[in-house]
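Note sheet for the following structure.
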Amino acid sequence: MNDSEMPLLLELIITLFLVGGAVVALIGSIGLAQLKDFYMRLHGPTKASTLGVGCILVASLLYFSYLKDGVSVQEALITLFLFVTAPVSAHMMAKAALHRKLKCSDRTRTGPPDQ
Amino acid sequence: MIATVIPFVTGVFCIAVLLNLYRLAIGPDIVDRILALDTLMINSIALIVLADIQMSLGVLFEAALLMALMGFIGTVAMTKYLLRGDVIE
């Protein structure tokens, strides 16, 4: 990898995006593994992980825009697609969970109708 | 600087994938498993993009786009099956 001629500021910004994205995605996955019931677990991946992967894709966009002269729009396309589809799939999963009447813990405010 | 930070970022994402696999294995209900699969797909998109940056290829984003598409379609198909008992009515 030949990033020796890359400006320091750009390199710093890309590194910041990479590290921030990794930390946020890890927090989302820890939330998925640790939280108590499904309605809590839905929060972690659908918000945090999407933001984390969005940060990684922004870093990739900056890197390849510098490397290949000209904006690389493909990464922006993936980011846009993820940001559009993540709420839709989260909504579908929440509907499926309510349909199956999954048990929720006592501290979850509004669970399935008859609990 | 980027070359030194990418292995650490890849390691963090591998830990995230392991946590998703843990939830996929123990998930009490099938909806938990669908959620774990969806997150696994999103994290593997990040891994593919990281490999792309590491090797300076700039061609693996197509694979990432395909995985994003297939992950979304798979999630919607599985939840639709759970909701309605059929994928396409």
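Each value in this text was obtained by applying a stated rule to the coordinates, not by laboratory testing. Everything numeric here is computed off the predicted structure, so don't read it as measured data. We place every Cβ from the backbone using ideal geometry, glycine too, and count neighbours over all the protein chains shown.
I need the phi-derived Karplus couplings for the range B:11-28: 6.51 cos²θ - 1.76 cosθ + 1.60, θ = phi - 60°, integer Hz, Gly and Pro marked x.
Whole-Hz 3J(HN,Hα) from phi for the range B:11-28: x, 4, 5, 5, 4, 4, 5, 5, 4, 5, 5, 4, 5, 5, 6, 9, x, x.
Sort A:Cys104, A:Cys55 so the one with the fewest other Cβ atoms within 10 Å of its own Cβ comes first.
The most exposed by this proxy come first: A:Cys104, A:Cys55.
How big, in percent, is the set of alpha carbon pairs in chain A lying more than 23 Å apart?
For chain A, the share of Cα pairs beyond 23 Å comes to 44 percent.
Applying the Karplus parametrisation 6.51 cos²θ - 1.76 cosθ + 1.60 with θ = phi - 60° to the phi angles of the range A:50-61, what ³J(HN,Hα) value in whole Hz is obtained for each residue in order, glycine and proline being reported as x?
For the range A:50-61, the Karplus-derived couplings read 5, 5, x, 5, x, 5, 4, 5, 5, 4, 5, 4 Hz, x marking Gly and Pro.
What order do you get for B:34-43, A:38-47 when each peptide is scored by the mean count of other beta carbon atoms within 10 Å, highest first?
B:34-43, A:38-47
Toward the positive end of the charge dipole of the range A:11-99, about the Cα centre and with charges on Cβ (Lys, Arg +1; Asp, Glu -1), which of A:Ile13, A:Gly70, A:Gln34 goes farthest?
Of the listed residues, the answer is A:Gln34.
Around A:Lys68, under 13 Å between beta carbons, what's the net of Lys plus Arg minus Asp minus Glu among the other residues? Walk me through the numbers before you get to the answer.
Values: positive: none; negative: A:Asp69, A:Glu75, B:Asp52.
Result for the local shell: -3.
Measure out, as a whole number of angstrom, how far apart the alpha-carbon centroids of the range B:32-89 and the range A:38-65 sit.
Their Cα centres are 13 Å away from one another.
Would you work out which of B:Met41, A:Ser60, B:Thr79 lies farthest towards the positive end of the dipole of the protein assembly as shown? Charges go on Cβ: Lys and Arg +1, Asp and Glu -1.
Checked the options; the winner is B:Thr79.
Could you size up the charge dipole of the range B:7-84 around its Cα centre, putting +1 on the beta carbon of Lys and Arg and -1 on that of Asp and Glu, and report it in debye to the nearest 20?
Its charge dipole is roughly 220 debye.
Residue-wise, which Karplus ³J(HN,Hα) couplings in Hz belong to the range A:20-25, taking 6.51 cos²θ - 1.76 cosθ + 1.60, θ = phi - 60°, and x for glycine or proline?
Ordered by residue, 3J(HN,Hα) equals x, x, 5, 5, 5, 5 Hz.
Looking at B:Val59, B:Ile26, B:Leu69, which one has the Cα that reaches farthest to the positive end of the dipole of chain B (charges on Cβ: Lys, Arg +1; Asp, Glu -1)?
So the residue we want is B:Ile26.
What angle do you read, to the nearest 10 degrees and between 0 and 90, between the alpha-carbon axis of helix A:73-99 and the longest principal axis of chain A?
Once rounded, the angle reads 10 degrees.
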